[in-house]
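Worksheet for the structure shown next.
The values are calculated or read from the model by the stated rules, or taken from the named source; none is laboratory data. Predicted, not measured: the structure shown is a model, and the values here were computed from it. All Cβ positions, glycine included, derive from the backbone under ideal geometry; neighbour counts span all protein chains shown. Quick note on the areas: whole protein, heavy atoms, side chains included, nothing else; ligands and nucleic acids left out. Shrake-Rupley method; radii C 1.70, N 1.55, O 1.52, S 1.80 Å.
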Amino acid sequence: MQSSVAMSVCRTIWLYVYHTLSTMAVILGSPWILWAVLFSEKRRKSILYRSGFRLPDLQKIANYPPKQRKPVWIHALSVGETWSAVPFAISMKTGITDRPVVFSSSTLTGFELAKHHLNDILDAVFYFPYDLQWSLWRIISQVNPCVVAVVETDIWPGFLNAMHHRNIPVFWVNARLSEKSFTGYNRFRFLFRPLFNEFSAICVQTRRDLNRFLQMGVDSGRLTVMGNFKFDQLTPGIDASLEKLTRILLPGSDTKILIGGSTHDGEETILLAACNAIRQTVPAFRLILAPRDPNRSKDISRLAADAGLSVRMLTEMMTSAIEPPHVIIVDRIGLLRSLYALADVAVIGGSLMDFGGHNPLEPAFYATPVLFGPHMQDFEEIARTLLQSDAAIRVENGSDLTEAVLGLLHSPQKAKEMGRRAQDVMKSHQGAIKKTIERIRKTL
């Protein structure tokens, strides 16, 4: 009893210090914040909503009976988490029809992606509040949820405390702790242990994640292994606007396409060098580059031109009749998954340089052969499973990449079998979303 009281007092003091320091940081940093807002489009578009000065549009919720208007609130940090959350949100809406389901994201790109895929399905899509008392009070009071599901990451003390005081259960779903994250959290275990124990339940991806949470001091009763949402991707139909691109890119059976998906700074240089090398033996070879940040498209275009390659933006390709260039840059979000369906080989961005990698299951969905570099720590379990099933190839450098791509292009049967194995791996690990929704339904 005394231990419980002591912990409660410590938590109250810690939160008081946290909110005081956060408020002071905003006040003292206001000149820099104003400067950032003025010169950053993504912050200009989101700051009023995230600060609580503009509230979410919840008009659809008024259509529900008064006693059923408290929504299920699903939150995802940015693009990667939103992609994982989209099938979860749709399945939640399909499985829970007697109350609203709403969705939030913290970033402009995540919000726009959610708007595109969920706005017509869910009851609201809005920005997640800053972890400031005013912002939290305004937005949480407006949304007034019955339960919250945080997908993968974006854990905030103020938000969790606000939910705790309102007796609103919060689930951390599709949760994982990479080795890097675990090391960082464990260094400040005295802070993160009580924070993680604020969750009503933590639905983790793997047994390895569960053991790391246990080492952090999380109560075992809060932890359940559910699997990974990324295996449960819904069928993403080919974007209608890509029909023209398909005709342009695939004018004949000789055309071969390599796509670099969600690439980061430094990786395009490696892929462009590989493109030049591959074109020496495969003249009809095309490279599609989809940078993680589309705002880098112009810089990448200059890199391609400097490498002696013709280059065009994807939006330009779709709006005018242009001779297919050597390199096409995807300068808008939301198209990468559909483009994977056109590719002969896919390279996973964020893995050639040390950025943790991105989801290799997106191309696997279409049975497109998958290559990735040595830096897949954010998707280590999925990468390991694919490699063990001979359903992906790991490359160490640009030379390995060139050799692997040429090997697959010259052996179409080998490429087809590898892609099919990746697709089989994906299908055999499905079910995490269904189990997680069943767990949340028990709370409702």
>> Looking at region 358-380 only, could you name the residues that are outside any loop (DSSP other than H, G, I, E, B) and either over 17 Å from the mean Cα position of the chain (by Cα) or under 20 Å from Glu152 (Cα atoms) (or both)?
In response: Leu361, Glu362, Val370, Leu371, Phe372, Gln377, Asp378, Phe379, Glu380
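Yes or no, residue by residue, for (1) among the hydroxyl-bearing types (Ser, Thr, Tyr); (2) in a loop (DSSP other than H, G, I, E, B); (3) surrounded by fewer than 16 Cβ atoms within 10 Å (Cβ to Cβ):
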| site | (1), (2), (3) |
| --- | --- |
| Leu34 | no, no, yes |
| Val37 | no, no, no |
| Leu48 | no, no, yes |
| Asp57 | no, yes, yes |
| Ile74 | no, no, no |
| Val86 | no, no, no |
| Ala89 | no, no, no |
| Thr94 | yes, no, yes |
| Thr109 | yes, no, no |
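Conditions (1) at pLDDT 95 or above; (2) buried (at least 23 other Cβ atoms within 10 Å of the Cβ); (3) outside any helix (DSSP H, G or I), marked per residue:
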| residue | (1), (2), (3) |
| --- | --- |
| Asp331 | no, no, yes |
| Gly356 | no, no, yes |
| Arg421 | yes, no, no |
| Gln430 | no, no, yes |
| Arg441 | no, no, no |
> Taking region 137-151, which residues are touching a residue at least 60 places away in the same chain (Cβ under 8 Å) and open to solvent by 10 Å² or more (accessible area, probe 1.4 Å)?
Replying inline: Trp137, Arg138, Gln142, Asn144, Cys146
> Which residue, of Arg222, Arg212, Arg207, is open to solvent by 10 Å² or more (accessible area, probe 1.4 Å), closer than 25 Å to Gly431 by Cβ and touching a Ser or Thr at 6+ places or on another chain (Cβ under 8 Å)?
Replying inline: Arg222
>> Contact list please: Cβ distance under 6 Å, first residue in region 252-277 and open to solvent by 10 Å² or more (accessible area, probe 1.4 Å), second residue part of a helix (DSSP H, G or I), pairs at least six apart or on different chains.
In response: Lys256/Leu409; Ile270/Gly398; Ala273/Gly398; Ala277/Thr402
> Out of Ile74, Ile90, Ile96, which single residue is aliphatic (A, V, I, L, M) and farther than 29 Å from Asp378 by Cα?
Replying inline: Ile96
> In this structure, is Ala391 crowded, with 23+ Cβ neighbours inside 10 Å, over 18 Å from the mean Cα position of the chain (by Cα) and either in a helix (DSSP H, G or I) or touching a residue at least 24 places away in the same chain (Cβ under 8 Å) (or both)?
Replying inline: yes
> Hey, does region 61-68 have a residue that's part of a helix (DSSP H, G or I) and in contact with a helix residue (DSSP H, G or I) (Cβ under 8 Å, 6 or more places away or on another chain)?
Replying inline: no
> Which condition breaks for Asp378 when tested against (1) within 17 Å of Glu179 (Cβ to Cβ); (2) open to solvent by 80 Å² or more (accessible area, probe 1.4 Å)?
Replying inline: (2)
>> Tally up the residues in region 126-135 that are outside any helix (DSSP H, G or I) and either of a type outside the set (A, V, I, L, M) or buried (at least 23 other Cβ atoms within 10 Å of the Cβ) (or both), please.
In response: 6
